[in-house]
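Structure record follows, encoded as structure tokens.
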Amino acid sequence: MPPKKRSVDFEQSLSTLESLVTRMEQGDMTLEESLQAFEAGIALTRECQTRLAAAEQQVSKLIEQQGTISLEPFDADEGDE
């Protein structure tokens, strides 16, 4: 089975979104360019949120044990001690 391109697409979408934000923050765009960039940014944000929700659902299914889901909160600071 070929590898899924979903993670690459997500990373590419996120990178494009970050570039749009950087360009908009510089303030060198015309109003029309800013509106187009904002519209593209909203679309990319929604796309990324959808992909993240799908990934979260997939992770939940993977950790399902005996018909019940055992989710534990992720604490990134635990490994720093």
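For the reader, a short list of remarks on this structure follows.
- FRET E, pair Leu35, Glu56, Förster distance 30 Å, beta-carbon r, rounded to 0.05: 0.40
- Dipole of region 6-63, positive direction: furthest Cα of Ser13, Ala40, Gln26, with charges on the beta-carbon: Ser13
- Backbone HN-Hα couplings from phi across region 41-55 [Karplus 6.51/-1.76/1.60, Hz, Gly and Pro as x]: x, 4, 4, 5, 4, 5, 4, 5, 4, 5, 5, 5, 5, 5, 5
- Cα-centre dipole for region 6-63 with unit charges at Cβ (Lys and Arg positive, Asp and Glu negative), debye to 20: 420 debye
A short reminder: the numbers here are calculations on the coordinates, not readings from a lab. All of these numbers come straight from a predicted model, not from anything done at the bench. We place every Cβ from the backbone using ideal geometry, glycine too, and count neighbours over all the protein chains shown.
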